[in-house]
Amino acid sequence: MKKIAILGSTGSIGTQTLDIVRTQGDLQVTAMSAGHNIDLFEQQIREFLPKNVAVWEEKDALDLKSRVADLGVKVHYGMEGLIDIAADPDSEILVTAIVGMIGLRPTVAAIQSGKNIALANKETLVTAGHLIMPMAKEYDVLILPVDSEHSAIFQSLNGDRMNRIDKILLTASGGPFRGKNRGELANVTLEDALKHPNWAMGRKITIDSSTMVNKGLEVMEAKWLFGVELEQIEVVIQPQSVIHSMVQYEDGSIIAQLGTPDMRLPIQYALYYPRRRPLGGKRLDFGALGSITFEKPDFDTFQGLALAYDAMRAGGNVPTIFNAANEAAVALFLDRKISYLQITEIIENCMKNSAFIEAPKLEEILETEKQVRELVASKYKD
């Protein structure tokens, strides 16, 4: 029985992780956290019976503690609560299904506690890859990617790790606005941006996909996960979301991982690595598919992707500035306080007007995030 902890059990990745726990029967959830969906979280606690749980707000913790008093579950809250879940002594692997930089400190705690990491929280490597990857090596833990693209790269590397990578071909669906120009995006509504053509994801990630900021974050994450240079990562638009990513070796051979758009596959692969297990669901039918098409990304229209490359080239704390500005901007857009195109305008403004730190420590990364959020709040008050 493999014992797992989950950060973000009520979100998209978290609920699909629990689907795998139900199906496989040899996984035990020892600890998990949620945000504000207390009703669903209570149902999950009653079904999976973890010993330790956490929520963000103290008031929600008091409510939850009353609801599950009959179960003897320990209820934690806040950042310290997330850290308690991440470092849970009974778990072997932590699924970081939480969105945003809030996942950074718990991931560090899990690594220092000797847990393998099933990483769905890309912000951890975007902002602190220079700290996380050496730390994982020091504590002899695995960083197992859960993002479909990074899992595809990881799978494509299996058996070929002694061979030199020429480039990583990171695929993208292009989102709901593929083929449009910047002028056509001026009047995009929140409802428009939340209509992803292929994937069912949380609201924040769906917006990031529409701006292609998400792909920019994945480029940054790939650099740290696979130890390649930024120039070795090429984004390829693949609208059908059938090829999840590819690796090109120095002899020109390209190894790709294909499958239907189902996040359970990379989640399960990370949980059971290096073994594969049966997984129900639709199989890829090439006859029905007919064709797979490719396009180059439009950096002029989707400036978030271009800014991500700029941030990674600049290095230091600039990826943190990029990420924190995007998180703040997307929150404003979700609250209908800014227009769609202002998301990337805010990112660019913060990158130009924030102090540079060449080799930030963890505390400096967190301070950079705070300062960027304050900068955005000062310019976009209610």
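The values are calculated or read from the model by the stated rules, or taken from the named source; none is laboratory data. Every value quoted in this text rests on a predicted model; they were computed, and no experiment measured them. All Cβ positions, glycine included, derive from the backbone under ideal geometry; neighbour counts span all protein chains shown.
When you scan segment 164-176, how many residues do you find that are assigned to a loop (DSSP other than H, G, I, E, B) and out of contact with any helix residue (DSSP H, G or I) (no Cβ under 8 Å at 6 or more places or on another chain)?
2
For segment 177-199, give me each residue that is surrounded by 11 or more Cβ atoms within 10 Å (Cβ to Cβ) and either part of a helix (DSSP H, G or I) or among the hydrophobic types (A, V, I, L, M, F, W, C) (or both).
Phe177, Arg182, Glu184, Leu185, Val188, Leu190, Asp192, Ala193, Leu194, Trp199
Taking the condition of being of a type outside the set (Asp, Glu), surrounded by 17 or more Cβ atoms within 10 Å (Cβ to Cβ) and either free of Cβ contacts under 8 Å to residues at least 60 places away in the same chain or outside any helix (DSSP H, G or I) (or both), how many residues in segment 137-163 meet it?
Within segment 137-163, residues that are of a type outside the set (Asp, Glu), surrounded by 17 or more Cβ atoms within 10 Å (Cβ to Cβ) and either free of Cβ contacts under 8 Å to residues at least 60 places away in the same chain or outside any helix (DSSP H, G or I) (or both) number 5.
Here is a list: Ala186, Ala172, Ala193, Ala136. Which entry is assigned by TED's automatic domain parsing to the domain that holds Thr107 and aliphatic (A, V, I, L, M)?
Matching residue, one of Ala186, Ala172, Ala193, Ala136: Ala136.
Can you name the condition, by its number, that Glu295 falls short on among (1) buried (at least 16 other Cβ atoms within 10 Å of the Cβ); (2) in contact with a strand residue (DSSP E or B) (Cβ under 9 Å, 6 or more places away or on another chain)?
(1)
Test Glu234 against the criterion of being closer than 19 Å to Asp310 by Cβ, part of a helix (DSSP H, G or I) and in contact with a Lys or Arg (Cβ under 9 Å, 6 or more places away or on another chain), and give yes or no.
The answer is no for Glu234.
Restricting to helices (runs of 4 or more DSSP H) lying wholly in segment 278-382: which have 2 or more residues that are within 25 Å of Thr107 (Cα to Cα)?
Per the criteria, 303-314, 318-334, 362-379.
Only one residue in Phe299, Phe294, Phe333, Phe322 is out of contact with any Ser or Thr (no Cβ under 7 Å at 6 or more places or on another chain) and without any contact (Cβ under 8 Å) to a residue 12 or more places away in the chain, so which one is that?
After applying the criteria, what remains is Phe299.
Restricting attention to segment 308-327, which residues are crowded, with 24+ Cβ neighbours inside 10 Å, of a type in the set (A, V, I, L, M, F, W, C) and out of contact with any Asp or Glu (no Cβ under 6 Å at 6 or more places or on another chain)?
Matches in segment 308-327: Ala308, Ala311, Ile321, Phe322, Ala325.
Considering segment 349-363 alone, what residues qualify as being touching a helix residue (DSSP H, G or I) at 6+ places or on another chain (Cβ under 8 Å) and farther than 11 Å from Phe322 by Cβ?
Result: Asn349, Asn353, Ala355, Phe356, Ile357, Ala359, Pro360, Lys361, Leu362.
Just a yes or no: is a residue in segment 155-162 more than 23 Å from Ala118 (Cα to Cα) and assigned by TED's automatic domain parsing to the domain that holds Ile254?
Yes.
What about Gln16, is it surrounded by 15 or more Cβ atoms within 10 Å (Cβ to Cβ), at negative phi, in contact (Cβ under 8 Å) with a residue 60 or more places away in the chain and more than 21 Å from the chain's Cα centre (by Cα)? Spell out how you get there, then give the answer.
Details: surrounded by 15 or more Cβ atoms within 10 Å (Cβ to Cβ): yes; at negative phi: yes; in contact (Cβ under 8 Å) with a residue 60 or more places away in the chain: yes; more than 21 Å from the chain's Cα centre (by Cα): no.
So Gln16 does not fit the description; no.
Out of Arg22, Arg46, I need the residue that is assigned to a helix (DSSP H, G or I), of a type in the set (Lys, Arg) and touching a Leu at 6+ places or on another chain (Cβ under 9 Å). Which one?
Matching residue, one of Arg22, Arg46: Arg46.
Yes/no per residue for (1) small (Gly, Ala, Ser); (2) modelled with pLDDT of 95 or more; (3) closer than 25 Å to Gly287 by Cβ:
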position	(1), (2), (3)
Pro176	no, no, no
Glu184	no, no, no
Ile205	no, no, no
Met212	no, yes, no
Ile233	no, yes, no
Pro239	no, no, yes
Ala270	yes, yes, no
Pro274	no, no, no
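Given Val29, Val55, which one is more than 14 Å from Thr15 (Cα to Cα), in the same structural domain as Ile13 (by TED's automatic domain parsing), surrounded by 16 or more Cβ atoms within 10 Å (Cβ to Cβ) and of a type outside the set (S, T, N, Q)?
Result of the check over Val29, Val55: Val55.
Give segment 69-115 a look and list any residue that's of a type in the set (A, V, I, L, M), touching a residue at least 40 places away in the same chain (Cβ under 8 Å) and either under 21 Å from Lys59 (Cβ atoms) or outside the structural domain of Ile132 (by TED's automatic domain parsing) (or both), or say none.
Listed by number, the residues that qualify are Leu82, Ile85, Ile98.
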